[in-house]
Structure formats: C-alpha cells, structure tokens
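Below is one structure, written out as structure tokens, with a few remarks after it.
The values are calculated or read from the model by the stated rules, or taken from the named source; none is laboratory data. Because the structure is predicted, anything quoted here is derived from the model rather than measured. Glycine also receives a Cβ, built like all others from the backbone with ideal geometry; neighbour counts cover every protein chain displayed. Heavy atoms of the whole protein, side chains included, go into the accessibility calculation; ligands, DNA and RNA do not. Shrake-Rupley method; radii C 1.70, N 1.55, O 1.52, S 1.80 Å.
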There are 2 protein chains.
Amino acid sequence: MVGRAPRFDRKDMASAALRLVADRGPQAVTVAAVAKEVGAPTGSIYHRYESREQLLAELWMDVVEGFQAGFVAALAKADDVDGAAGAARFMAQWTREHALEARLLLLHRRQDFVAGDWPAPLAGRAAALEPQLGAALRAFARRAFGRSDAELMARLRYALLDAPFGGLKPYVQAGKPVPRVLDDLVEETVRATLGDLARA
Amino acid sequence: MVGRAPRFDRKDMASAALRLVADRGPQAVTVAAVAKEVGAPTGSIYHRYESREQLLAELWMDVVEGFQAGFVAALAKADDVDGAAGAARFMAQWTREHALEARLLLLHRRQDFVAGDWPAPLAGRAAALEPQLGAALRAFARRAFGRSDAELMARLRYALLDAPFGGLKPYVQAGKPVPRVLDDLVEETVRATLGDLARA
DNA sequence: GCCAATCTAGAATGATGATTCTAGAATGGT
DNA sequence: ACCATTCTAGAATCATCATTCTAGATTGGC
C-alpha cells in the first residue's frame, strides 16, 4: 500500500455523524462539526466523501438498511398472527439495542438527509428499499391469510410498522428507556387488527 | 388609527409560512421566501415579527394549540372506552379537515420550529401545553377506569395519540387521503389496549 | 535516495440567508 | 398644511457553512 497512512477513515466520520444526528439532529451535521468530532481538518472529510450530502445519505442508508434487514428477516420466519406479533416486537427490541440509530430513524425524516435525488452510488440501494419491504409484507400476507389486497396491506403496515413507530417515538425522543408495556401494546395491536382476518 | 394603512399583516405572513412548511418543510421558511409568498419586502416581515424564530414558534404554537384544544374537548366528553374511541378518531378526522396543519404537526418536529428556549411571549402558552394534555388524560382515566397509574397513562397515550399519529403519518407524508380503514384500525387499537381494563 | 500516490492541514472562496438600516410613502388628528 | 406615527421598499451587513485550493507530510516500491 503506497502513500501516507490514513489517520481518519469513513467509519470514524460516519459514526461521528451518527452521534451528532442522535443528539442534535441532522442539521447539526456540518462538515466542520464532523471534522471537529473526529479531530480532523475539514479538508479530510472531503478526501473521503464527495460532499456533505453524500455523507448524510450514506449514513441514512446504512441505518435504514440495517433496520429493514432485521425486520424483513423477522417477518420471513412468520406465517401467522403469532409470527406477526414477533415481527412487530422486533422494532421495540431493535430500538433498545440501537439507541443512536433509533434516534436517527424515528426522530428524523429522510428528506433531512437526502434533499433531492439520491447521490448516484446510492441510487440502486435506495430504489431497492421499498420494494423489498413491500415484497416481504406481501409474502407474509399470502402465507398467513391467503390474500394481499390493499386493505390487508394497509392493516399490516399499520400494525407492524406505523403503530409501533408511533408508540416508540415519544420514549426515543425523550431519551427514556422503552418500557415493557410497549411490547404488550404493540402485540395487542397486532392481534386486534389482524386477528380476525385469520378466520375470515 | 393614525399611520399608513398596512398592506400585510401577521395573518398573511403566518399563513404563507404554513403553506411553505406544508410543502417544503420548516427549513424552507426563510424570511425571503415568506416575503416573496406574501408579496412584501423582507423588511416588512421584521415589522411584524421580532425574528424568523418568533414567526416559526408562533406558527407551531397556533397549530398545536388548535389540535390539542379539539382533542381535549373530544376527550372531555368521554367517560368510557367508546368515548375514548371517539377521541382517538378525532385525530384522523382533524387530519382530513386540516391538511396543511396536519403536515406541520405530523411531519415535523417542534425543534425544527423552536430551537432552544421559547421566545418570551410564548413561554406561558408553551408551558401550559403538556400539563393541559396530561390533565385531560388523567381525568379521563379516573372517570373511565377509576385509576391513573403510570401503566394506564402509557396505554392511553399510545392508544389515543401515538398509535393514531403513527398510522396517519404515511398518508400525510405521501399527500394521500387518509383511508377509512385507518379509522377502524385506530378504534380497534383503543378497544384492544383499553378494553380489558374496564373490567379489571 | 527518489518518486508517485495518498493523506493531513488549514486557509481562501462563495453562497445563502437572517438581520439591520436608510428612504420614502400614506394616514388622520390638529 | 403640518406632524408624529405606522408602514412599505429594498439595499447593505454579517454570520454561517459547504466547498475548493495550496502546502506539506508520509509511505513503500524502485
């Protein structure tokens, strides 16, 4: 390996940025702030990343892919309402185990990380995200209920993603631990909104 | 009334700012953008508001108070699980009737409107918000269930506010109408998470 | 020991946007 | 008609960043 030994790498910068997002939001991720956090001059940030936009976009993508991979894996094992409840609880568990990432995912919007189009190197991964999630939900719907009409899909998104998301948010926002009762609430929501369909 | 007749008032500016928030987010509410939207020079904005921060803080406060007043009123009429379901549906209904305000409330965070402390003139209203909501929930808990312990309060917040909030968000985000099924989901959530308590 | 390649350092540059300032216009009481 | 008062107009300031640029340091292969 020819050339001066690097003192800072992308990982250092990305994790500094994640820390900044978690405690002061994406708008606090200025190039100067990341540089300071890492202990590097601003120029070095640009040696690793095209632009601030690219750094933020990559950070968001890594976190979201990480979450989604776990969620999709949990859902892949499910084939009935019990399995769905497990997938729903996944989000609460993931939040407990990934405090910083959870703050990024639950408290901020994608558009605060990626303003317009995705930077070219990420476009492919970005385009795959929603289809992967949709496919996992649809496949589960077919396995568990034998159908995947629009209303059922709306129910699944609500019970497995949106309601848990909403329930978690206040705790994550306040920086408080997610209480056990939330796992129960999420599970009760799944059973209440998907339970009848198994018979129907 | 002595003095030149005004051509722009706070209302014009606030509603221009609301429109900007709803379609491009709070960071798009620059003083220049508001001025342009209203058709005024930037100086005139400062004739009505201390600062951009004050304009945004006041906008957020007006919207949130508007929502909360309706919600608290709906909850005040409730004294059992059916009443709670009505209060929960209030949010979906309010979202349908206040498209712009809903985008502000559901898609953005308070901290994007008010960075640090509240501007002095709003501090009082800000301080009253959470206690008013807490009191309304606690009073309902006592009426409906005869108790108001921490777990029950967590359940109420989830069922009446956080879960509906989470369920609504994707539609509001996408600018799509909130489907009927969401009202059902919200109601089913309330019954599932609060229903048993009535007997206990 | 010399060189291309890879990095650190940190000072310029430029753009964006909030805020302030200077002029001038309209109003209505006197 | 005159004046204090209330506003509009829009140019000038200032601060905050992102980004670019110039220097210089290291490294390992030759």
Scanning region B:100-111 residue by residue, those within 12 Å of chain A (Cβ to nearest Cβ) and of a type outside the set (A, V, I, L, M, F, W, C) turn out to be B:103, B:108, B:109, B:110, B:111
Condition first: part of a helix (DSSP H, G or I), more than 14 Å from chain B (Cβ to nearest Cβ) and open to solvent by 60 Å² or more (accessible area, probe 1.4 Å). Now tell me which residues in region A:122-165 satisfy that. A:125, A:127, A:131, A:132, A:138, A:142, A:143
Go through (1) out of contact with any Leu (no Cβ under 6 Å at 6 or more places or on another chain); (2) in a helix (DSSP H, G or I); (3) not β-branched (Val, Ile, Thr) one by one and return the number of the condition residue B:118 breaks. (2)
Can you name the residue in region B:27-63 that is surrounded by 19 or more Cβ atoms within 10 Å (Cβ to Cβ) and within 14 Å of another protein chain (Cβ to nearest Cβ) and, of all such residues, is farthest from residue B:111 (Cα to Cα)? B:29
Which of the helices (runs of 4 or more DSSP H) found entirely inside region B:1-91 contain at least 3 residues meeting this: more than 14 Å from DNA strand D (Cβ to nearest atom)? B:10-24, B:52-76
Please specify each residue of region B:166-194 satisfying the condition of being facing chain A (nearest Cβ under 9 Å) and open to solvent by 10 Å² or more (accessible area, probe 1.4 Å). B:169, B:170, B:173, B:179, B:181, B:184, B:188, B:191, B:192
Criterion violated by residue A:114 - all others in (1) closer than 25 Å to residue A:14 by Cα; (2) within 11 Å of another protein chain (Cβ to nearest Cβ); (3) open to solvent by less than 20 Å² (accessible area, probe 1.4 Å) satisfied: (2)
For region A:131-144, state whether one or more residues are out of contact with any His (no Cβ under 9 Å at 6 or more places or on another chain) and closer than 30 Å to residue B:153 by Cβ. no
Tell me the residue from B:29, B:38, B:72 that is without any contact (Cβ under 8 Å) to a residue 40 or more places away in the chain and more than 13 Å from DNA strand C (Cβ to nearest atom), please. B:38
Starting from region B:141-152, keep only residues that are in contact (Cβ under 8 Å) with a residue 24 or more places away in the chain, then list their pairs with residues that are exposed (fewer than 15 other Cβ atoms within 10 Å of the Cβ) and assigned to a helix (DSSP H, G or I) whose Cβ atoms are within a distance under 9 Å, requiring at least 6 positions of separation or different chains. B:144/B:198; B:145/B:198
Is there a residue being of a type in the set (D, E, K, R) and within 14 Å of DNA strand C (Cβ to nearest atom) anywhere in region B:83-97? no
